[in-house]
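**Q** One structure coming up, written as structure tokens, with questions to follow.
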Amino acid sequence: MPGRSLQRVSLQSIPSSQLTKAITSDPVYHYLKEVGRARLLTAKEEITLANRIAQGDQDARDELIERNLRLVIKVARSYRYRGLALGDLIDEGNLGLIHAVEKFDPKKGCRFSTYATWWIRESIERALMNNARTIRLPIHVVKSMNRVRKIYQKMLNNLDHEPSFKELAKEVGMPKDELQELLMAERTENPSDILNDNAEEILSLDAVFNDIPEVDHQVGDSEVIHHVVDDVMRNCLKPVEYDILVRRFGLFGTFEQTLEEVGKSTGMTREKVRQTQIKALKTLKAELIKEGIDSKILFEEKH
């Protein structure tokens with residue numbers, strides 16, 4: 001039964017009146033409601049704003065950010081229950097969006113929404129990794145979580161309905177308040193995130209984000225990786241270094257060339273090409289680290 005979540009069971013123990021009151025007073029709920037009013041941009045509008053930004057238009061920059069805040073929320077929601085509250089995920093995603101606005105070049109052939117999605121995901125995933133390094137749940141808690149998860153899955157497979165919170169607590173042999181505390185610890189470091197999630201069900205806020213098109217990540221990522229790698233290389237390398245790396249590694253749809261072949265086309269000796277390549281790779285690696293980008297992206301671009 002796909003789509004069913006163990007964490008949702010804990011909601012059944014919260015009175016609906018208390019849940020509704022907590023939701024409508026929550027700042028994340030109000031942010032979702034406010035952001036949902038913004039109309040999505042067309043591809044033509046994205047290009048127009050990007051060109052204005054290139055001319056230093058601050059208003060265009062602000063508009064491109066504001067009109068894509070819904071995109072951040074849609075991406076952020078897919079990373080829930082991994083250790084950060086929804087509000088924190090949105091904050092990190094917004095940083096990725098701002099970075100995308102500053103780096104986007106419409107001449108490179110991909111939609112801004114596709115490009116921004118890549119940077120939003122990068123920013124959120126980096127925050128989750130940093131959070132995972134600093135937050136460590138006790139071993140006995142992790143073991144209890146795993147046990148509850150297995151029991152829940154077994155009940156889900158054997159019953160003709162989704163297990164209730166009461167049924168799960170009985171099967172696990174744990175007091176309801178203790179089980180609820182465990183589920184909340186697994187779900188997020190911020191228990192109020194449980195309420196934020198259910199706000200979508202009670203108030204139908206999902207509809208606000210349904211018109212945001214899904215990105216074909218296989219196609220979209222290929223376009224964006226080309227864009228990102230080209231940006232980083234042009235920003236940190238000299239033209240001759242850029243040219244040598246493109247030729248040596250067959251980037252951007254070109255064929256790989258040997259040191260001798262590159263030397264002939266650039267008028268450099270084989271050894272000079274090798275030395276320039278080593279220097280350029282060190283510079284590029286440092287720039288990728290500064291940008292928070294995994295160096296494996298180079299191999300993704302190559303293929």
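FYI, it's all coordinate maths here, none of it is from the lab. As the structure is a prediction and not an experimental result, all values here were calculated from the model. Positions of Cβ are generated from backbone atoms using ideal geometry, with glycine treated the same way; all protein chains shown enter the neighbour counts.
**Q** How many nm is it between the label spots at Asn51 and Ala286, if each spot is 7 Å from the Cα in line with the beta carbon?
**A** It is 3.8 nm.
**Q** Return the distance in nm (one decimal) between the two label points of a simple spin-label model at Lys154 and Glu271, each offset 7 Å from Cα along Cα→Cβ.
**A** 7.0
**Q** Determine, for Phe252, Phe165, the number of other Cβ atoms within 10 Å of each Cβ, and report the residues in order from fewest to most.
**A** Phe252, Phe165
**Q** Continuing with the same structure: In whole Hz, with x marking every Gly and Pro, tabulate ³J(HN,Hα) for the range 104-110 from phi via Karplus 6.51 cos²θ - 1.76 cosθ + 1.60, θ = phi - 60°.
**A** Once θ is set to phi - 60°, the couplings for the range 104-110 become 5, 10, x, 5, 8, x, 10 Hz.
**Q** Another one. With the crude spin-label approximation of a point 7 Å out along Cα→Cβ, what separation in nm comes out for Glu125 versus Thr254?
**A** Simple spin-label model gives 2.7 nm for this pair.
**Q** For Leu237, enumerate residues with amide H under 5 Å from its amide H, sequence gap 5+ or separate chain, H modeled in the peptide plane.
**A** none
**Q** Want the number for Asp177 to Ile278: 0.36 nm per residue separation, take away the alpha-carbon distance, what's left?
**A** On the way: separation 101, 0.36 × 101 = 36.36 nm, distance 5.97 nm.
My answer for the length gained is 30.4 nm.
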